[in-house]
1. May I ask for the angle, rounded to the nearest 10°, between helix 3-25 and the longest principal axis of the chain, with both axes built from Cα atoms and the value confined to 0 to 90°?
2. Run the numbers for Thr33 and Asp120: contour at 0.36 nm per residue of separation, minus the present Cα-Cα distance, in nm.
3. Ordering Ser37, Ser244, Ser61 by how much accessible area each has at a 1.4 Å probe, largest first, what is the list?
4. Calculate what fraction, in whole %, of the accessible area of the range 97-247 sits on carbon and sulfur atoms when a 1.4 Å probe is rolled over the protein chains.
5. Which shape class, rounded, prolate or oblate, goes with the range 168-229 when its Cα gyration tensor gives a ≥ b ≥ c as root eigenvalues, a/c under 1.5 marks rounded, and past that a/b bigger than b/c marks prolate?
6. Leaving out ligands, DNA and RNA but keeping every protein chain, what accessible area does Glu70 have, in Å² rounded to the nearest 10, with a 1.4 Å probe?
7. I need the Debye-formula profile for the range 91-201: one equal scatterer per C-alpha, no solvent, reported as log10 I(q)/I(0) at q = 0.12 1/Å, two decimals.
8. Per residue, how much accessible area does the chain have with a 1.4 Å probe, in Å²?
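The values are calculated or read from the model by the stated rules, or taken from the named source; none is laboratory data. If you're wondering where the values come from, they're calculated on a predicted model, not measured in any experiment. Note that we place each Cβ from the backbone using ideal geometry, even for glycine, and neighbour counts take in every protein chain shown. Only protein heavy atoms, including side chains, enter the accessible area calculation; ligands, DNA and RNA are left aside. Shrake-Rupley method; radii C 1.70, N 1.55, O 1.52, S 1.80 Å.
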Amino acid sequence: MKNWLIIPLAFLLCHEAISQSAKEEKLPPPSATEDWSLKPPLVTPGETHPQPPSDAIVLYSNPNDLTKWEHPDGSAVRWATTNEALTIVPKATDIRTKQKFGNMQLHLEWRTPDPAEDKDFNRGNSGVLIMGLYELQIYESYNYDTKIYYNGQAGSVYKQHAPLVNAARKPQTWQTYDVVFEAPVFNADKTLKTPAFMTVFHNNVLILNHVELKGPMVYQGFPKYRYHEAKLPLQLQEHGSRVSFRNIWVREL
Ligand code: MG
């Protein structure tokens, strides 16, 4: 047979074979893979970043309203408020939310003080302790002007993960964290089933991409999980530096 005849003939035979196999597979109708079981709720996004979306739990926006917060001993917040922000008072201890949270989307804004106020090793030191245990570090890290181990700079999961990049702004300017946190899950016998994961945007830049947490923050030694409740308060760290906060909200996931 001539070549110019063989090629079209081969194509026809092959095409026939494919059509035959599709018929044999008996594909289900397209509706079989349509999910109508759970309608995603309508959410009105904030008009401009960083206004909270309509389904957010606003934890701090009105400077005078600290009713959603307390010190870990249950006493009223002794941090300072101004017209625009909540500012740490050194030695006043951490504060935490009265409400408990597990999986969440978190937004907060923070500002480090004049670097001259703090000692080198402690410039702008604070932190977001999710569940009171897992620390996303707050620190003065602009241009690496303050020296610290990379997994201790702004945007690190303290002593566990350095950020992918350093997206820090200058001291005394507002910065944002947007966090997706997946809480750890424990088995019935209180052993770890799945670890916690964290994704973080610092000033809208991705700095931690679904990193696995090794356990609660420890300053010394290696982190390891210990059983805890599925929801725990969100905590802000007082570490002797006058770091300020504003616009704090969460969406439970
Ligand atoms: Mg800290």
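1. 60 degrees
2. Length gained between Thr33 and Asp120: 25.5 nm.
3. Ser37, Ser61, Ser244
4. Carbon and sulfur together cover 50 percent of it.
5. prolate
6. Per-residue accessible area (Glu70): approximately 30 Å².
7. -0.45
8. 59 Å²
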